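Notes follow once the structure below has been shown.
The values are calculated or read from the model by the stated rules, or taken from the named source; none is laboratory data. Computed from a prediction, not measured in an experiment: that's the story for all the values here. Quick reminder, even Gly has a Cβ in these numbers, built from the backbone with ideal geometry, and neighbours come from all protein chains shown. Surface areas here come from the heavy atoms of the whole protein model, side chains and all, with no ligands, DNA or RNA. Shrake-Rupley method; radii C 1.70, N 1.55, O 1.52, S 1.80 Å.
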Amino acid sequence: MNEHHAPRIVHLSWGQMEVALGEQVQRFKDCKLWPQGTAPWDWNESGTRHSPGIQPADVMSLLSPEVEAVILGRGMLSRLGVCPETEALLQARNLEYHLLPTREAVSLYNDLVRQGKKVAGLFHSTC
């Protein structure tokens, strides 16, 4: 995959992320990224709360046969949990996945995109 066609996170600060997809830059508080797209991550769609955390439905919306790795950014202070069912889903799919504080998650995501990997991710930009 050509990295220039994958979204890249170009800025991260508390409460804001900027994502470049081609020439377009979008701003988000929380976002979902997949190999050729971006969207705001609306926790209300799946009932996500800090505890128990990222729901399987949040991740399912990103998965396609082309996705090779999933990065879950748990917030700047790692206060966002990850449901055990979410990890079980990723393990059952035999996918590489990483649960990291958001700053580290963004760095790894961008590194994997540069390497040409097809990566999906969820990123929370506050706590």
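Which of the following residues is surrounded by fewer than 20 Cβ atoms within 10 Å (Cβ to Cβ) and assigned to a loop (DSSP other than H, G, I, E, B): Ser51, Ser107?
Ser51 is the lone residue from the list that is surrounded by fewer than 20 Cβ atoms within 10 Å (Cβ to Cβ) and assigned to a loop (DSSP other than H, G, I, E, B).
Residue by residue through region 62-77, note down the ones that are surrounded by 17 or more Cβ atoms within 10 Å (Cβ to Cβ) and either over 13 Å from Leu122 (Cβ atoms) or aliphatic (A, V, I, L, M) (or both).
Within region 62-77, Leu62, Val67, Ala69, Val70, Ile71, Leu72, Met76 meet the criteria.
Here are some conditions: (1) open to solvent by 50 Å² or more (accessible area, probe 1.4 Å); (2) under 12 Å from the mean Cα position of the chain (by Cα); (3) β-branched (Val, Ile, Thr). Val59 meets all but one. Which one does it not meet?
It fails just one condition, (1).
Quick one: how many residues across region 12-47 are closer than 18 Å to Pro84 by Cβ and in contact with an Asp or Glu (Cβ under 6 Å, 6 or more places away or on another chain)?
So the count comes out to 1.
Scan (1) of a type in the set (D, E, K, R); (2) within 21 Å of Val19 (Cα to Cα); (3) out of contact with any strand residue (DSSP E or B) (no Cβ under 9 Å at 6 or more places or on another chain) for the single condition Lys118 breaks and write down its number.
So Lys118 meets the others, but not (3).
Could you list, in sequence order, all residues of region 93-104 that are within 26 Å of Gly15 (Cα to Cα) and open to solvent by less than 60 Å² (accessible area, probe 1.4 Å)?
Tyr97, His98, Leu99, Leu100, Pro101, Thr102
Would you mention how many residues in region 1-32 are assigned to a strand (DSSP E or B), open to solvent by less than 40 Å² (accessible area, probe 1.4 Å) and either in contact with a Lys or Arg (Cβ under 9 Å, 6 or more places away or on another chain) or without any contact (Cβ under 8 Å) to a residue 12 or more places away in the chain (or both)?
5
Do you know which residues across region 35-48 are open to solvent by 80 Å² or more (accessible area, probe 1.4 Å) and either farther than 14 Å from Ala120 by Cβ or modelled with pLDDT of 95 or more (or both)?
Once the filter is applied, which keeps residues that are open to solvent by 80 Å² or more (accessible area, probe 1.4 Å) and either farther than 14 Å from Ala120 by Cβ or modelled with pLDDT of 95 or more (or both), region 35-48 yields Pro40, Asn44, Glu45.
Mind telling me which of the residues Gly75, Gly116, Gly121 ends up being more than 14 Å from Ala6 (Cα to Cα), among the small types (Gly, Ala, Ser) and outside any helix (DSSP H, G or I)?
Every option except Gly75 fails the conditions.
Among (1) at pLDDT 95 or above; (2) of a type outside the set (Gly, Ala, Ser); (3) under 19 Å from Leu21 (Cα atoms), which single condition is Glu66 missing?
Status for Glu66: all satisfied but (1).
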